[in-house]
Structures are given as C-alpha cells and as structure tokens.
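Remarks on the structure that follows.
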Amino acid sequence: MIAIEQETAGNGQPLDPVSYLAAGMASFFVFFVVQFGITGLLEERQLGTLQRLKAAPISPGAIQLGKLMGAFLLGLASMTALSVASTTVLGASWGPTPGIVILVVALVLAAMGVMALVGTFARTAEQAGNYQSIVAIVLGLSGGVFFPIPGDNLVMQIATRLSPHGWFIRGMDTLSTTGRWSAVLPAAAAILAFGVVAAIPAVVIERRRSSW
C-alpha cells in the first residue's frame, strides 16, 4: 500500500509547501489515471469487443466490475508511486500511514464515481476522455491543488469545499497538524460523498443505455 512515514504523532504544523504540492499533484493526477480504466468499457463497446463477450459465460456485471477494479488498482498504484517519489526525492512528509490510506482510498473511489458519471454523457471513448479531463482540471483548480486557497476569499473557500481535491488536502493538513489518523475521517467522508453522489446516477444511466 502507500509507502509513507510511519510517525504516529503530527508535528503540530500545517502542511509545508513541499508536502502540500505533493498532495495536490497526487490528487490531481489520480483522476486522469482512473479515467483510463473508466473509459475502457466505453472503448470496448465502441470497438465491438463487448458484443463478442456475449458468447462467453461472463455476466455484464462481472465485466463492468473487472473494469472498475482495474481503475481502482490503477488509482492506488499511482498514488503509491507519487507518495514514494515525493517522499524520497522531494522530502515530502505524508504523515501517519493509516490516515493517508483512508484518504487515498476515499479519493480513488471518488475519482471513479465522478469519472464514471462524466463518461455517461459521451458517445465515444475519445469524447469521454475530453469531458473527463475538463472536469478533472476544474475540480483540481477549485480544490487548490497548485497553491493554497486564501482564507479570506469566501468564494474560493466555497469552491474548495465543492471539490474532492480540496477535502483531500484539508484531510492531509489535519493529519499533519494532529498526527491522529481518526482526525481525517470527516474529510474522508466528504470525499466519499462525491463518489457516491456521482456513482448512483452513473449506474442508473448506464443501465438505461441500449444493450451492449
């Protein structure tokens, strides 16, 4: 899983600039990584691969679950790689492992839900990729992945709360300040809410589509 520092106590300080940037970049790019797994199903439908799978003793649900599991594992792998690289190369401090694992899993699931919903509005895999990229960039920017959002800017503070990236960074900051993994649970719950709210209509829309 995520290879990060094994400290059990925080330093009592907010995220330092390097750690902030590492967390922001990781949360930003994981949406693009998950995108490939989500659009894979649409691409296979477009190419006719799914039609040929009808002859195999595999249920449509199993195929979709396999694609989702692939996207989930890709997301975890990318976050792990970025956490290791930023820690060893840049000296970023990700904090206690349990808290980071909770935040990362929540973020990957949220990315899957959001990207799945966006993909349902596309007719082709290429179109889905374009839509998903736009949404990922907007959510990343509003979440403050590149720079901290000023505390006196009410509009930007509201926008940050409407982005899973913003909640991920908030959770990282809380973990750095308190050092308690349980302190990230509110942020993780907010992140998961994005995934659930997006996944429900995505599933409904997918089921109403013409037979694949």
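Read the figures in this text as sums done on the coordinates, not as results from a lab. Small disclaimer: the values here were computed from a predicted structure and weren't measured. Because the Cβ atoms are built from the backbone with ideal geometry, glycine has one as well, and the counts that use them run over all protein chains shown.
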Residue-by-residue Karplus 3J(HN,Hα) for the stretch 147-152, coefficients 6.51, -1.76, 1.60, Hz, glycine and proline x: 7, x, 7, x, x, 8
Ranked packing of 84-96, 107-119, 142-154, most packed first, by mean Cβ within 10 Å: 107-119, 84-96, 142-154
Electrostatic dipole magnitude of the chain [Cβ: Lys, Arg +1; Asp, Glu -1; Cα centre; debye, to 20]: 880 debye
Computed over the chain: relative contact order in percent, which uses C-alpha pairs under 8 Å that are six or more apart: 35 percent
Kirkwood hydrodynamic radius of the stretch 64-176, Cα pairs, Å: 15.4 Å
Amide hydrogen neighbours beyond the local backbone of W94, cut-off 5 Å, H modeled: E5
Stretch in the chain that is longest and holds no trypsin sites (Lys or Arg not before Pro) that DSSP places in a loop and that have at most 11 other beta carbons within 10 Å: 1-122
Tail beyond 22 Å, pair distance distribution of the chain (Cα, percent): 49 percent
Fully extended contour minus Cα-Cα distance, from R208 to L65, at 0.36 nm per residue: 49.7 nm
Sites I137 and I58, calculated FRET efficiency, Cβ-Cβ separation with R0 35 Å, nearest 0.05: 0.50
